[in-house]
Amino acid sequence: MAEEGFKRKLTAILSADVVEYSRLMGEDEEATVRTITAYREVLTTLIQQHNGKVLDSPGDNLLAEFVSVVNAVQCAVAVQKEIKARDGELPENRRMQFRIGINLGDVIQEEDRIYGDGVNIAARLEGLAEPGGICVSKTAFDHIESKLPYGYEYLGDQTVKNIAKPVGAYRVLMDPRVTVAGKPVDEKPAPVKRKAILAGAVAVLVLAVAVGIWQFYVRRPTIEPASVGKMAFPLPDKPSIAVLPFVNMSGDPDQGYFSDGITEDLITDLSKISGLFVIARNSVFIYKGKAIKIAEVGRELGVRYVLEGSVRKANGRVRITAQLVDTTTEGHLWAERYDRDLKDIFALQDEVAQKIVAALEVKLTEDEQERLIRKYTDNMEAYDYYLRGAEYYYRFTKEANVQARRLFERAIELDSEFATAYALLGHTYLLDWAMEWNREPHILEQAYEIGQKAIALDDPSGGGYCLVGHVYLSKKRHEKAIAVFERAIDLNANYPMVFAGLGDVLSWAGRPQEAIEYLKKAMRLDPEQSFWYFWFLGHAYFLAGQHEKAIDTLKRAVNRNPDFWLAHVYLAASYSELGRQEEARAEVSEFVRLRPQISSEDLRQGSLYKDQAVSERLFDSLRKAGLK
């Protein structure tokens, strides 16, 4: 009865503490506090990144729990590797190492705290770990033995303080995938001859390697990708990947633009590969700063693979860690850490992209191989301004757009041949026009001129063609617009706004059925769909005579942007076509409220339809709805 009212659960527990913490404090308290504060932030970030939760962190200790042992061990390995790398920058006597213990056990939960032997065993295993090492219990080991690419050494049954029964323990070797069934560490071997030792060692090594190979190739987990059936979207017929926002590990929040920029550049690089299906930046950045589960990301975005990692930039150097994970099994296909000079950042990005291509067994065309290794710029200061500008541009506000333009212009001043900077600079003008922040005629002309400059400089992103295509549409040069959007798709087969732009042009050109297919492709690449997609698709449905679908889709555009008056115009026309005049009149009233200065004649003059008969059909529907 003593436990009545308490909640019990089985959970994966991680316990960590600092080696020789008292000595470090005794020698230099302030330096120790600074280091442990920075390292505690590293641990917290990595724990959240691996679907864990910090429960307590008093002094030099830290206690966390995870949804699975796999997550806990992956996190522990990432922690030890990151701490080791950071320690390399400190004097030897100031280096701070951690021991980590992991257990899978039954605990009592009270609010945000957990109690019981499950917690105590994790703490005792921590004490068995070597400095910079990881020790796991037998119960934890049974859940990870063939699921992770690490080696393990059996330490035997360990008698530990205040735990009634001996605890089976394993040391995680972190690198080789070999499990060594050794003797308990406290048991001394009997004296034997040197040759016998050598022969025995060779036999053990051969056996261990054989066991390791057998485990890796034969006993790999036969996990059925059951989650595939639960995905929000069907998996594409080629390898599909989402690049999650890389975590900023620089210790300076202001450096977030750099890690975001690295993420975006990797997305752009992978998007150039026709053999891959790559989720758009807009959709992956909704996960930024959130504790996520890889399987959930796979289900929500409809992808088989996820790339995640971290970036640290300091003193002219950059450290990037990256790992490619199969979302249906949460198994790692590839993982690596890179330490490079900042000037080598493009070669590093290229190497990461090439590793992913190799891991997914994707074949590149000659053009794709050339585009993949093409540098953005040789001027690192220009690149930094470009990344800062991109961070402002993607806020999609009028004020941020002005700031982004200044930063792109500065990047171009430093490198007059920086094609991708030109492309995004041009997009700031296009955004001004699209969001109606500035409708002066010269705005679109500037976008056009800058887009042509990006094209002339061979911008590999396709952004220059996208700019020029929109300007051609505004001038009713439909065939020209279609041609440049198709060229942009040749350059970047995973650029959703290009597919959306092509779909939009096809609608105005009188080819709505084709438009619908391109727009659906855009929305699949960018599942976190903006109102623009719904407006383009609703417009296409209206032109195709699918008025029920048009209404449903245009309503979703209005839900995302209630002030987008053009959606209300086509909602009114769609209701009118179905004879639902009361609802049509309500949409006309909403349009008039939002844009009282725009008359029906203004709408007629602004029509971009290639065939004026389509325009007359629209205005006939609107007249029936009461638009004067």
* Would you call ARG388 closer than 29 Å to LEU473 by Cα and either outside any loop (DSSP other than H, G, I, E, B) or not hydrophobic (A, V, I, L, M, F, W, C) (or both)? -> no
* For residues in region 81-99 being more than 23 Å from the chain's Cα centre (by Cα) and touching a residue at least 60 places away in the same chain (Cβ under 8 Å), which is farthest from TYR115 (Cα to Cα)? -> ASN93
* Structure fact -> Flagged in region 143-160 as free of Cβ contacts under 8 Å to residues at least 40 places away in the same chain and not in a loop (DSSP other than H, G, I, E, B), in numbering order, are TYR152, GLU153, TYR154, LEU155, GLY156, ASP157, GLN158
* Among the residues of region 5-50 satisfying the criterion of being without any contact (Cβ under 8 Å) to a residue 24 or more places away in the chain and among the basic types (Lys, Arg), which is nearest to ALA291 (Cα to Cα)? -> ARG40
* To do: Would you point out the residue of region 252-291, among those that are within 26 Å of ALA72 (Cβ to Cβ) and touching a Leu at 6+ places or on another chain (Cβ under 7 Å), that is surrounded by the most Cβ atoms within 10 Å (Cβ to Cβ)?
  => VAL284
* Check off (1) at pLDDT 95 or above; (2) under 30 Å from PRO596 (Cβ atoms) for ASN559 and give me the number that stays unchecked. => (1)
* Report, ordered by the first and then the second residue, all pairs with beta carbons closer than 6 Å, sequence separation of six or more or different chains, a first member in region 417-435 that is within 18 Å of LYS375 (Cα to Cα) and modelled with pLDDT of 95 or more, and a second member that is assigned to a helix (DSSP H, G or I) and of a type in the set (D, E, K, R). => TYR422/LYS453
* **Members of region 451-482 found to be β-branched (Val, Ile, Thr) and more than 18 Å from GLU370 (Cα to Cα), listed by number** => VAL468, VAL471, ILE482
* Asked: Restricting attention to region 303-313, does a residue exist that is in a loop (DSSP other than H, G, I, E, B) and modelled with pLDDT of 90 or more?
  -> yes
* To do: Would you point out which residue out of GLY451, GLY469, GLY464 is in contact (Cβ under 8 Å) with a residue 40 or more places away in the chain, buried (at least 17 other Cβ atoms within 10 Å of the Cβ), in contact with a Gly (Cβ under 6 Å, 6 or more places away or on another chain) and not acidic (Asp, Glu)?
  => GLY464
* To do: Look at LEU364 and say whether it is touching a residue at least 12 places away in the same chain (Cβ under 8 Å), among the aliphatic types (A, V, I, L, M), surrounded by 15 or more Cβ atoms within 10 Å (Cβ to Cβ) and not in a helix (DSSP H, G or I).
  => yes
* Return a yes/no flag: does region 116-138 have any residue that is assigned by TED's automatic domain parsing to the domain that holds GLN158, in a strand (DSSP E or B), surrounded by fewer than 20 Cβ atoms within 10 Å (Cβ to Cβ) and of a type outside the set (Val, Ile, Thr). => no
* Residue by residue through region 543-571, note down the ones that are outside any loop (DSSP other than H, G, I, E, B), in contact with a helix residue (DSSP H, G or I) (Cβ under 7 Å, 6 or more places away or on another chain) and more than 22 Å from VAL505 (Cα to Cα). => ARG560
* Selection count, region 46-85, where residues are in contact with a helix residue (DSSP H, G or I) (Cβ under 7 Å, 6 or more places away or on another chain), not hydroxyl-bearing (Ser, Thr, Tyr) and not in a strand (DSSP E or B) -> 13
* Kindly establish whether VAL614 is in contact with a Leu (Cβ under 9 Å, 6 or more places away or on another chain), closer than 22 Å to ASP504 by Cα and in contact (Cβ under 8 Å) with a residue 60 or more places away in the chain. => yes
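The values are calculated or read from the model by the stated rules, or taken from the named source; none is laboratory data. Computed from a predicted model, the values in this text were never measured in an experiment. Every residue, glycine as well, gets a Cβ built from its backbone with ideal geometry; the counts of neighbours run over all protein chains shown.
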